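Derivation of every value follows stated rules applied to the coordinates shown; laboratory data play no part. It should be emphasised that the depicted structure is a prediction, and the values quoted were computed from it without experimental measurement. No Cβ is skipped: glycine too gets one built from the backbone with ideal geometry, and neighbour counts run over all protein chains shown.
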Amino acid sequence: MTDSPQQSAPSLATLAGFTKAPHERRVDDQAWIKVIERMDNIYADLVHYQVKLEQKNAELENTQNFVQSVISSISDVLIVCDVNGMIQRVNPELEQVIGLSADVLHGQALATLISDDYREMIADFPEHIRSGSIIDCEIDLLSHDGQAIPMAINCSARYDHKNRLSGFVITGRPLGELRKAYSELRQAHQELKNAQQQLIQSEKLASLGRLVAGVAHELNNPISFLYANMHALKDYEHRFRQYIDAIHAGVDDEQREALRRELKIDHMMDDIKPLVEGSLEGAERVNDIIQNLRRFAMPQQERRSSFDLVTVIRRATSWVLKAANHKPEVITELPQQLIITNNEGHVHQILINLIQNAIDAIQDHPKPQLHISIRQQQQNLGIHIRDNGPGIPKDNLVRIFDPFYTTKAVGSGTGLGLYISYGLATEQCQGDLLAGNHPDGGAEFILQLPMEDKPS
């Protein structure tokens, strides 16, 4: 059969032998010819419709094969039901899960696949579908041997070619797979958090390494003072013992006074109190430095408390400057004292990072300057740290707090300092950290902290 039967098939008039010209035909012949020509046209139309029908059948087969291939490739369970909950079609995944073939399931009620605990819920599906709502719930399917299989399912309406409700479709996945996927996701998230904590700790150790020289200088003064005082006290202890032994030996008054003058007992009595007080002061200073180091290294172990913010700023500045090779001029606008309630260790770590970042930015400047000031606004205060360096390029402002972002040379920084500082400021200190360029030039970072204590 060809696509153009009108052209290839001979007419019925020709087949009947009516080949004469119209003027040569008799009247009765002409009547028959008209009938035959009409039949010829009908025959041609039938052939044409047959071709179109075959084309439609081929398209329908292709569509059915396509739908079947899609259904077969779905990894989730799929059940197609009519409006009364009778099963019309299932996919191979359901056959594998419950161990029953599609031929056995076809025409059965959906309720026969559901455990008794959930059949009442399934019975309401047709009503929910008619009302236009979509069901999303958990049920137990029954396998061929009666075993319950926990499933997370979704039920949605199905419509025919005239957009009339014709049933509903259920898709689902065994909860065992979902729970496994959730467990793997949670494990991956925990591993990511652990890796992040390790990176943060590495950055803190790197920052601490940069401060070793400054901290060593801070410790050197009180320790040297203690060392000298201990030598003096040791010598005093030897003289006191010699003088007391002589008294216990029963020397006379004249010898005792002579020995008192020789050993300078009166001078030692006047000097011993300042020596002890100075030693205690030096020991307290060493203890303060160690405590500050502990807060810097492990601030998460410290609770929120009241402290003098100005003291913390000066301490952080001192530590960074004493470790810096190129020391800038420091210009401060700070009050004598400012007591706030926050996490002192976190605030100290943020300031260390910001001051170190500012000094790195002006290390090649011929006249480097570092400006530190405090501005109070209603319930918040801002610690402004500004340098007179080249500033921050506009394109970099939006990325300045991204992890691993750095403009320093390879080996000069990890790109985590500002990222960690931003996280500490916003999450641990209940504040904020802003970055920008000052109108007078240079980069400016503003650490905003609440004046009143807020629960973390």
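According to a simple spin-label model (label point 7 Å from Cα along Cα-to-Cβ), what is the distance in nm between Asp45 and Met230?
Label-label distance for Met230 and Asp45, simple model: 12.0 nm.
Using the basic label-point model (7 angstrom from Cα toward the beta carbon), what is the Gln291 to Ala148 distance in nanometres?
Rounded to a tenth, the inter-label distance reads 6.0 nm.
Over segment 76-178, calculate the relative contact order: mean separation of alpha carbon pairs under 8 Å at least 6 apart, over the residue count, as a percent.
Taking the mean separation of contacting Cα pairs over the length of segment 76-178, I get 29 percent.
Along the positive direction of the dipole of segment 151-191 (beta-carbon charges: Lys, Arg +1; Asp, Glu -1; about the Cα centre), which of Asn154, His189, Pro174 reaches farthest?
Asn154
Provide the gained length on full extension for the span Gln255 to Ser115, in nm with one decimal, where the gain is 0.36 nm per separating residue minus the Cα-Cα distance.
Difference between extended and current length: 39.3 nm.
Can you give me the orientation-averaged projected area of the convex hull built on the Cα atoms of segment 112-166, in nm²?
On the way: hull surface 17.3 nm².
Approximately 4.3 nm², given one-decimal rounding.
Please give, to one decimal in nm, the separation of the simple spin-label points placed at Gln55 and Asp271, each 7 Å out from Cα toward the Cβ.
12.0 nm
Would you mind giving the three semi-axes, in whole Å and largest first, of the ellipsoid equivalent to segment 302-456 according to its Cα gyration tensor? Walk me through the intermediate numbers first.
Working: eigenvalues 117, 63, 43 Å².
Here the semi-axes work out to 24, 18, 15 Å.
With Cβ to Cβ distances under 13 Å as the rule, what net charge do the other residues near Leu100 carry (K, R +1; D, E -1)?
Around Leu100, the charge tally is -4.
Pull out the extension gain between Gln242 and Ser166, defined as 0.36 nm times the separation in residues minus the alpha carbon to alpha carbon distance; nm, one decimal.
16.0 nm is the gain from fully extending Gln242 to Ser166.
Calculate the all-directions average of the projected area of segment 76-178's alpha-carbon convex hull, and give it in nm².
If you wrap the Cα atoms of segment 76-178 in a convex hull and average its projections, you get 6.2 nm².
Hey, which of these cross-link pairs are over 20 Å Cα-Cα: Lys327/Lys367; Lys234/Lys273; Lys322/Lys394; Lys52/Lys162?
Too far apart for the 20 Å limit: Lys322/Lys394; Lys52/Lys162.
Projecting each Cα onto the charge dipole of segment 302-456 (Lys/Arg +1, Asp/Glu -1 at the beta carbon, about the Cα centre), which of Phe307, Gly423, Leu434 comes out farthest on the positive side?
So the residue we want is Phe307.
Using the Cα centre of segment 309-361 as origin and beta-carbon charges of +1 (Lys, Arg) and -1 (Asp, Glu), tell me which of Ala324, Ile355, Thr341 is placed farthest towards the positive end of the dipole.
With unit charges placed on the Cβ atoms, the residue in question is Ala324.
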